[in-house]
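Novice: Dropping a structure here in structure tokens format, bear with me for questions.
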Amino acid sequence: MEFTFNENQRMLRDMTRDFAAREIAPLAHTMDATGEIPDALIAKLRDAGFFGLSYPPQYGGLGLDTIAYGLVVEELARQSAGVCIMVTVHNSVGYYPLAGFGSAELQAAILPRLAAGEIASFCVSEPHAGSDAAALAATARRDQDAYVLDGAKAWVTNGSRARFFVVLARTPGTTGHRDIHAFLVERDTPGLAVAKKEDKLGLRASDTVVVSLDGVRVPAGQRLGEEGEGFKIAMSALDGGRIGVAFQALGIGRACLEEALRYARTRQAFGKPLAAQPVIQQMLADMATELDAARLLALRAAWRKDQGEPFTKEAAMAKLFASEAAGRVADLALQIHGGYGYVKEYPVERYYRDVRVTRIYEGTSEIQRLVIARAILQE
Ligand SMILES: Cc1cc2nc3c(=O)[nH]c(=O)nc-3n(C[C@H](O)[C@H](O)[C@H](O)COP(=O)(O)OP(=O)(O)OC[C@H]3O[C@@H](n4cnc5c(N)ncnc54)[C@H](O)[C@@H]3O)c2cc1C
């Protein structure tokens with residue numbers, strides 16, 4: 001068993017760390033306040049190749065292995081969870097359905113555009129169907145050489161900026177997961193509109209919107225996979241996406257630990273630095289240990305994916321543990337900051353808000369436990 005990264009993985013991690021410290025960190029507080037990622041930063045991310053992380057080199061991407069990808073995600077999340085999720089949705093759930101299930105012609109036409117930075121989004125959730133995604137109600141009616149989509153998609157990350165939307169919809173009049181189909185829909189298709197932007201607790205830099213579909217006509221060639229494969233495609237996309245969320249949680253957690261260490265070394269109480277207090281040391285030790293455990297789970301899931309091994313259970317474990325551990329770490333970091341942890345002057349207040357959603361999206365903690373339980377009961 002190896003516990004070292006190869007040269008390429010180290011280089012990508014270090015380059016991302018430098019990029020994120022230089023280009024993202026100075027803007028992170030403002031992006032949280034305004035709820036916007038500046039176009040200039042998106043252009044820099046694009047030029048640096050962050051929108052091509054997963055995309056194969058033949059289409060202009062970097063084709064990273066999952067471990068390298070995870071290290072990059074952690075470094076982005078270390079500085080801004082909102083910027084991180086924009087990049088990861090584009091490179092995981094926005095990428096995989098097309099790369100794994102689109103026709104060769106569709107891939108050749110669209111993957112280079114996505115790798116070059118036209119942004120992708122993933123539209124499964126609806127106002128009345130989240131964890132129970134098979135209950136989705138949006139419809140896709142076949143009409144000669146096309147499908148006509150109607151309905152509403154909720155919580156669409158990147159929705160305001162996306163050029164492409166992976167959309168799940170079902171044959172009218174059906175229920176269950178067998179009549180759900182996946183489509184790639186281009187933004188300017190008539191009938192597709194952004195209906196509402198959510199006003200969120202955290203991750204405020206990332207845009208999360210409701211997308212309405214009103215008679216959206218999609219050519220049959222833009223169906224991803226066979227008819228009825230949409231649910232399976234979405235679930236396998238989420239398996240990979242969950243590894244990214246684990247690394248994202250890890251990045252936010254690491255930010256919390258680093259800020260807590262910095263603060264504990266300098267803040268004086270009872271005539272000595274907080275870091276000299278055994279109770280504070282115990283908190284710091286617990287934070288570091290939890291994050292290392294989360295890192296090992298995330299790396300194992302990534303390694304299995306890279307080896308072509310099944311990784312559904314391991315991805316769910318990594319996402320479950322990393323998101324919950326990072327939540328505990330954020331809570332302790334805030335506690336170590338005392339009152340200063342509760343105000344925007346110090347970044348832990350933002351991390352505390354940002355980390356919360358990692359227990360919710362791409363499958364809540366409860367759903368990860370269902371996935372894990374199902375797997376171990378079948379073993
Ligand atoms: C910021 C943000 C970004 C998002 N981005 C996207 C995106 O890009 N694309 C997309 O498709 N979706 C996205 N989502 C949606 C997200 O995946 C859902 O919010 C999530 O799956 C939960 O669904 P829900 O909100 O409908 O909650 P519900 O499914 O209604 O669940 C409510 C509560 O009940 C629990 N619960 C539900 N079923 C069970 C059960 N069987 N056993 C035990 N507990 C259960 C849940 O765990 C949860 O605690 C995003 C959400 C957020 C907040």
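Novice: Given (1) over 13 Å from ARG142 (Cα atoms); (2) more than 13 Å from the ligand (Cβ to nearest atom); (3) part of a loop (DSSP other than H, G, I, E, B), where does ASP199 come up short, assuming only one miss?
Specialist: Here ASP199 meets the rest and fails (2).
Novice: Ok, one more. Just to be sure, is VAL156 under 15 Å from GLU362 (Cα atoms) and open to solvent by less than 10 Å² (accessible area, probe 1.4 Å)?
Specialist: yes
Novice: Another question, if that's okay. Please determine, by comparing only the residues of segment 49-85 that are assigned to a helix (DSSP H, G or I) and of a type in the set (Phe, Trp, Tyr), which one is farthest from the chain's Cα centre (by Cα). Don't jump to the end; show me each part of the working.
Specialist: Here is the first cut: in segment 49-85, the ones assigned to a helix (DSSP H, G or I) are 50-52, 57-59, 66-79, 81-85.
Narrowing further to those that are of a type in the set (Phe, Trp, Tyr): 50-51, 59, 69.
Working: PHE50: 14, PHE51: 13, TYR59: 22, TYR69: 12 Å.
Per the stated criteria, the residue is TYR59.
Novice: Report, by residue number, each residue of segment 1-14 that is surrounded by 13 or more Cβ atoms within 10 Å (Cβ to Cβ) and not in a helix (DSSP H, G or I).
Specialist: PHE5
Per-residue answers, yes or no, for (1) assigned to a loop (DSSP other than H, G, I, E, B); (2) open to solvent by 10 Å² or more (accessible area, probe 1.4 Å); (3) within 29 Å of GLU349 (Cβ to Cβ); (4) within 16 Å of the ligand (Cβ to nearest atom):
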position: VAL87; (1), (2), (3), (4): no, no, yes, yes
position: GLN107; (1), (2), (3), (4): no, yes, no, no
position: LEU114; (1), (2), (3), (4): no, no, no, yes
position: ALA134; (1), (2), (3), (4): no, yes, no, yes
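Novice: Does at least one position in segment 190-210 carry a residue that is touching a strand residue (DSSP E or B) at 6+ places or on another chain (Cβ under 8 Å), over 30 Å from ALA33 (Cβ atoms) and either open to solvent by less than 20 Å² (accessible area, probe 1.4 Å) or in the same structural domain as GLY49 (by TED's automatic domain parsing) (or both)?
Specialist: The answer is no; no qualifying residue exists.
Novice: Let me ask something else. For ILE376, only one of the following conditions fails: (1) hydrophobic (A, V, I, L, M, F, W, C); (2) open to solvent by 70 Å² or more (accessible area, probe 1.4 Å); (3) within 16 Å of the ligand (Cβ to nearest atom). What is its number?
Specialist: It fails just one condition, (3).
To keep it simple, each residue is scored yes or no on (1) open to solvent by 40 Å² or more (accessible area, probe 1.4 Å); (2) touching a residue at least 40 places away in the same chain (Cβ under 8 Å); (3) touching a His at 6+ places or on another chain (Cβ under 6 Å).
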| residue | (1), (2), (3) |
| --- | --- |
| THR16 | no, yes, no |
| ALA20 | no, yes, no |
| LEU27 | yes, yes, no |
| MET31 | no, yes, no |
| ASP39 | yes, no, no |
| ALA48 | yes, no, no |
| LEU64 | no, yes, no |
| ILE67 | no, yes, no |
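Novice: Give the residue, chosen from ALA302, ALA326, ALA264, ALA293, that is part of a helix (DSSP H, G or I) and open to solvent by 20 Å² or more (accessible area, probe 1.4 Å). Explain how you work it out, then say what you get.
Specialist: On the way: ALA302 fails: open to solvent by 20 Å² or more (accessible area, probe 1.4 Å); ALA326 fails: open to solvent by 20 Å² or more (accessible area, probe 1.4 Å); ALA264 fails: open to solvent by 20 Å² or more (accessible area, probe 1.4 Å).
One residue alone meets the criteria, ALA293.
Novice: Moving on to the next point. For HIS181, indicate whether it is farther than 28 Å from CYS84 by Cα and either outside the structural domain of THR139 (by TED's automatic domain parsing) or in contact with a Leu (Cβ under 8 Å, 6 or more places away or on another chain) (or both).
Specialist: For HIS181, the condition - farther than 28 Å from CYS84 by Cα and either outside the structural domain of THR139 (by TED's automatic domain parsing) or in contact with a Leu (Cβ under 8 Å, 6 or more places away or on another chain) (or both) - is met.
The values are calculated or read from the model by the stated rules, or taken from the named source; none is laboratory data. Remember, predicted model here, so these are calculated numbers, not experimental data. Cβ sites come from the backbone with ideal geometry, for glycine too, and all protein chains shown count toward neighbours. With ligands, DNA and RNA removed, areas are computed over all heavy atoms of the protein, side chains included. Shrake-Rupley method; radii C 1.70, N 1.55, O 1.52, S 1.80 Å.
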